[in-house]
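See below for the structure under consideration.
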Amino acid sequence: MECDSEKHKEHMCALKEKGDLELIRCLSTNPAVECGNCGAKADKPENVCNPVELPK
């Protein structure tokens, strides 16, 4: 599934591609969602392409 969001450059997969590991760490300190596409975990759904809530 391709992401066509205008905010894709702020998603975990785009940050990983850019090598912005410090920002990735900041956005995933307490993951609540993971990307249904690539499996990246993030604190907030707006930081992944296809958010799936993690079990609590």
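For Lys44, the aspartates and glutamates whose Cα comes closer than 12 Å to its Cα, not counting residues fewer than 8 places off in the same chain, are Glu10, Glu34, Glu53. Both radii were evaluated on the Cα set of the chain; the Rg over Rh quotient, with Rh as the Kirkwood radius, amounts to 0.93.
Spin-label pair Lys44-Cys26: with each label point 7 Å from Cα along the Cα-Cβ axis, the two points sit 1.2 nm from one another.
Exposed loop sites are taken as GluC sites (Glu not before Pro) in a DSSP loop (any state but H, G, I, E or B) with at most 16 other beta carbon atoms within 10 Å; the longest stretch of the chain without one runs 7-56. Compared with the alpha-carbon gap, the fully stretched path from Cys3 to Lys16 is longer by 3.2 nm at 0.36 nm per residue.
Rule-based calculations on the coordinates, nothing more; no lab input. Values in this document were obtained by computation on a predicted structure and should not be read as measured data. Quick reminder, even Gly has a Cβ in these numbers, built from the backbone with ideal geometry, and neighbours come from all protein chains shown.
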